[in-house]
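Q: I am attaching a structure below and will ask some questions about it afterwards.
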Amino acid sequence: MNQKFSATEYEKKYQQGYGVAYPESHIIRVYKQIIEWELGIRGGTMFDFGCGSGSHVKYFAYQGFVPYGCDTSETAVSQTKALLPQFADHFKTSHVMPDLKAMFGPLELNVFMTNQVLYYLGDADIHRIVDQAYAMTAKGGVFVASMMTHGCWYARDVIGTEGDFSRLQITSPRQTEFMLVNLKERDEMEPLFRPFRKLHLGSYGWQIRDEEGPHEHWLYVGIKD
Ligand SMILES: C[S@@+](CC[C@H](N)C(=O)[O-])C[C@H]1O[C@@H](n2cnc3c(N)ncnc32)[C@H](O)[C@@H]1O
């Protein structure tokens, strides 16, 4: 139920111009410091679950990867297709809990990433996506995922809980929004993404406006042995 809520909200947001045109710096750093430098992976195939308007698949395509991805927002997926017309049929609008193999056929991915998406899913659904990601990833392939921390300013006003989710009433001069978010502690991250083996568990964040406080996310990078 929550996933439908966030999926519907995001479709509305994309129709109103939401979405970034540039890759976020932590994704560039994960690519440069771990995928390329540490693991020596410089191409292959990659998948972005919740690809949004395509900034990260475009970045990986520039690095020589063949990109694939899905998102629940039809508007976002059509923006991604327009960004990478040569791979347009690699991007699909998905249900909140898709069967990725049925949608994309067999893939042997070198990178499966999902940035700022999984916290809209409950733990059981996250495990379903992780299991699918594991099945789609080649041996030696990388899994990159972010989750929101309890230190994020969004979590300042928790007005209750609902299963795995915190009910957040976000109120600032810039943003007034209700959200259900699956917030995670650091020690919950590694088990959440098994059977991938943890390589690095970092974090990233920013604070731009005084009154909003810091945005904080865990950044997990795992590998399929
Ligand atoms: C905060 S945005 C992040 C977009 C993109 N990953 C990025 O890093 O720019 C969250 C994205 O998750 C998508 N989304 C939400 N629920 C989803 C689900 N169950 N499956 C796939 N995408 C989902 C939204 O449509 C939206 O594009």
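Here, each number is a calculation from the coordinates, and none is a lab measurement. Since this is a predicted model, take the numbers as computed values, not measurements. Positions of Cβ are generated from backbone atoms using ideal geometry, with glycine treated the same way; all protein chains shown enter the neighbour counts.
Q: Any chance you could list P(r) for the chain, counting all Cα-Cα pairs in 10 angstrom bins from zero, rounded to whole %?
A: Using 10 Å bins, I get a P(r) of 8, 34, 40, 17, 2 for the chain.
Q: Report the net charge of residues surrounding Glu36, where surrounding means a beta-carbon distance below 11 angstrom and charges are Lys +1, Arg +1, Asp -1, Glu -1.
A: The answer is +2.
Q: Right, next: Within a Cβ distance under 10 Å of Trp153, other residues only, what is the Lys/Arg minus Asp/Glu net charge?
A: Here the charged neighbours net out to -2.
Q: Indicate, rounded to the nearest 5 percent, the antiparallel portion of the DSSP beta bridges found entirely in the chain.
A: 60
Q: Could you tell me how far the Cα centroid of the stretch 112-176 sits from the Cα centroid of the stretch 187-225, in Å?
A: One Cα centre to the other: 10 Å.
Q: Also: How many angstrom lie between the Cα centre of the stretch 90-110 and the Cα centre of the stretch 52-67?
A: 16
Q: Starting from the stretch 130-190, pick out the GluC sites (Glu not before Pro) whose DSSP state is loop and whose Cβ has at most 13 other Cβ atoms within 10 Å.
A: Listed in order of number, the matching sites are Glu185.
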